[in-house]
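The structure appears below as structure tokens.
The values are calculated or read from the model by the stated rules, or taken from the named source; none is laboratory data. Since this is a predicted model, take the numbers as computed values, not measurements. Note: ideal-geometry Cβ built from the backbone for every residue, glycine included; neighbour counts use all protein chains shown. Just the protein is used for accessible areas: all its heavy atoms, side chains included, with ligands, DNA and RNA removed. Shrake-Rupley method; radii C 1.70, N 1.55, O 1.52, S 1.80 Å.
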Amino acid sequence: MKSFRRVAGMAVLVMQAWALPSAQAAEKLVVGVAIPTATHSFTSGIVWWANQAKAELEKAHPGLKIIVKTAATAPEQANQLQDMLTVNKINTLVIFPIESASLTQPVAQVKNKGVYVTVVDRGLTNTQSQDAYIAGDNTAFGKLPAEYLAKSLNGKGNIVVLRGMPTTLDNERYDAFSAVMKGHPEIKVLDAKYGNWNRDDAFKVMQDYLTRFKHIDAVWAADDDMAIGVQKAIAQAKRTDIKQVFGGAGAKGAVKKIMDGSDPLIVADVSYSPKFMYDAIKLTTEARLKGDKLPANTIIPSVLITRENAKQFYFPNSPF
């Protein structure tokens, strides 16, 4: 009996010793999360998912501290980085930069203090300022809609395009879309203008398209908010020639329409969920708890959303 107790006691000590490094790591890890203020639906989703990650990770790892800060401007975000470094004593940073160029040096200053840095979505102008980069797949974001629309149109028809804003991110998407369309010479892209990922701007762009082009078969709006503006313009003009409006990013309103089959114009989408903020915080935190590093680049796949798989991409509690 004494022998059994001795063995059991040793087993407990071994288990405690095995658990100790993880517990100590959690107590020492302070993660700063710097993200934009919730000014529209997508950034509202970024904020919501960041706080989801904070709640879940702090519950799972007692002693872990995650500080989430939002900023409306690039200078404000830069100041927050210094506060998190000096006041909160962060040793890990996950940042969704408001701007690439103006945040590169402030992030580099934090990294030079020994802080592990993960940059999310909007890349910095100098990758030496970061340890890891996590983003959605912008190539697939353009490629998948192009392939879907080409198939829907049986390789023939007229398409108009609404791009986002003049950024490298938008260039990747549009270049991928255009590359697919080059393989379908009987599909004509009538025009491609910037709608600034804004439903009001998209409404104006679509009004212009509807005035200039008498027959349009489909629209690639490249964003679910822009798709709303596009549909409003179509409805006002009472146009019946347009058979499909393909948005982008998997906003819950669009995904719900696809699930229900309630809108004949919205039948497919492509994922680019603000949930990647949650994924970035979780991946970074769990790696640092183990003393590991993330790969230099992690691309979260963009997936074609149709009625068959829409439930997997529907997050009713998220603002996006």
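With each label modelled as a point 7 angstrom along the Cα→C-beta vector, the residue 307-residue 286 pair spans 3.5 nm. Given axes a ≥ b ≥ c from the Cα gyration tensor, I'd like to know whether the stretch 229-288 is rounded (a/c under 1.5), prolate (a/b larger than b/c) or oblate. Cα axes put the stretch 229-288 in the prolate bin. Toward the positive end of the charge dipole of the stretch 138-271, with +1 on the Cβ of Lys and Arg and -1 on the Cβ of Asp and Glu, the farthest Cα among 169, 149, 226 is that of 149.
Across the stretch 138-271, the mean sequence separation of Cα contacts (distance under 8 Å, 6 or more residues apart), normalised by length, yields a relative contact order of 25 percent. Give me P(r) over the stretch 138-271, computed from all C-alpha to C-alpha distances, binned every 5 Å, as integer percentages. With a bin width of 5 Å, the distribution comes to 2, 11, 23, 26, 23, 12, 2, 0. Overall, the accessible surface of the chain at a probe of 1.4 angstrom is composed of carbon and sulfur to the extent of 55 percent.
Suppose all protein chains stay in the model; what accessible area per residue would a 1.4 Å probe give for the chain, in Å²? I get 49 Å² per residue for the chain. Full extension of the segment from residue 211 to residue 28, taken as 0.36 nm per residue of separation minus the current Cα-Cα distance, would add 59.7 nm. Would you mind checking the tilt of helix 276-289 against the longest principal axis of the Cα atoms of the chain, expressed as 0 to 90 degrees and rounded to 10? The two axes meet at around 20 degrees.
Placing unit charges on the Cβ atoms only, positive for Lys and Arg and negative for Asp and Glu, gives the chain a dipole magnitude near 800 debye about its Cα centre. Highest-first packing order for the peptide set 187-194, 278-285 is 278-285, 187-194, based on the mean count of other beta carbon atoms within 10 Å. Note on the stretch 250-320: lysine pairs with Cα distance below 29 Å, sequence gap of 8 or more or different chains, count 14. With the simple model of a label 7 Å out from the Cα in the direction of the Cβ, residue 56 to residue 91 spans 2.5 nm. Helix 138-152 and the long axis of the chain differ in direction by around 40°, with both axes built from C-alpha atoms. Considering the zone a paramagnetic label at residue 190 would reach in this model (a point 7 Å from Cα along the Cα-to-Cβ line), which residues of the stretch 149-174 have amide N under 14 Å from it? Hits in the stretch 149-174 for residue 190 at 14 Å: 157-162.
Axis angle, to the nearest 10 degrees, between helix 2-28 and the longest C-alpha principal axis of the chain: 50 degrees. For the stretch 85-98, putting each phi into the Karplus relation 6.51 cos²θ - 1.76 cosθ + 1.60 with θ = phi - 60° gives couplings of 6, 8, 8, 8, 6, 5, 10, 9, 10, 10, 10, 9, x, 5 Hz, in residue order, rounded to whole numbers and with x for Gly and Pro. Since only 116, 304, 209 are under comparison, the one whose Cα sits farthest along the positive direction of the charge dipole of the chain, derived from C-beta charges on Lys, Arg, Asp and Glu, is 116. Using just its DSSP H runs of length 4 or more, each adding -39500 (n - 2.57), the chain gives a mean residue ellipticity at 222 nm of -15500 deg cm²/dmol after division by all residues. Largest first, the three principal axis extents of the alpha carbons in the stretch 78-179 are 60, 20, 19 Å in whole numbers.
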